[in-house]
Ligand code: HEC
């Protein structure tokens, strides 16, 4: 009993996300396969992927299927050479799902590797859900479907979602509808630079990368690889770099934002740096007081659908730096959610002078201890492992 009380009052997590140690190899890895001997002996890190719960889809069935989603542990390895880096990611998935046609209700499994374009300030990394304004991410995406629903045929990912899957309402939905003219069918390995869900730009040239994914029918396990150059016009990977992973489960109608997502993990290509500390440092505080702060200041909005994003899994994928920033400076990163067209009385943001301004008030007035306790409490909000 005493133990339970203590655990409730004081929580400390030493590992927020994984620290992945990349092993240097001396062969080209640009085409490295999932079964390559180069992976043997490389340190494996466990990366937990949490259900992304910020925005609900316009799809009741999918929302129901994922209502009680647990988290999932993926096993990740990294290797590098003087010019390239490669990741191997393995995750459990009971069903092999390959999208059979873009018009049907079947969805493919998939995975993505996300890299921050600027990680000079580890306390202010891009928003984990596909980057944010002024803080871009580079996304490598591989879907197990040979075909993709690409309504406008332009390779413009903003339009690569079915009508039901969009978060659009009102004029945005009209704009979406008018853009949906033609259907295209394309093989699906893609690269994007993304500064948020509504501003993803597909990258076709200037990046040497290769992805593949293979399903093991006996083990019910996917293995995927990404290899890419360390340096190109978008990224300059050296030292310790942040990386995040996402997986989609087609059998649960996962697509677009509906997925499992990790937080930022540090990948060490050489000596430890500030980033390792920012992503793996201790977070501690009085969780009971943190919860009291939450109930008093935050619950009214965050426990009400449509008022504010659900924070049910925020502890899984947000770093303490991000949480602190969200609380004291809400407009620094504005979550791509409902705008004024969606819920006229409770928009998540307004647009002022072309800039999104969060409707969440700043809590920068909060005392240091309350803020620390609140963050410790938020870090406990995450789904159990399945
Ligand atoms: C008036 C309603 C309101 C209150 C009160 C409020 N929030 Fe928010 N919050 C929002 C809205 C709307 C957003 C989405 C827009 C944005 O990103 O700022 C948001 C976003 C967030 C995010 C980012 C979520 C994500 O998925 O990245 C966090 C974290 C957060 N709030 C924490 C808090 C905490 C902690 C409190 C209490 C100290 C709080 N909020 C109080 C409305 C509110």
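Rule-based calculations on the coordinates, nothing more; no lab input. In this text the structure is predicted, and so the values were computed from the model without any measurement. For neighbour counting, all protein chains shown are included, and Cβ atoms are generated from backbone atoms with ideal geometry for every residue, glycine included.
Points worth noting:
- Virtual spin-label span in nm between residue 121 and residue 30, 7 Å along Cα→Cβ: 3.6 nm
- Pairwise FRET efficiency - residue 172 versus residue 362, Cβ, R0 = 30 Å, nearest 0.05: 0.65
- Projected label points at residue 297 and residue 220, each 7 Å from Cα along the beta carbon direction, are separated by 4.4 nanometres.
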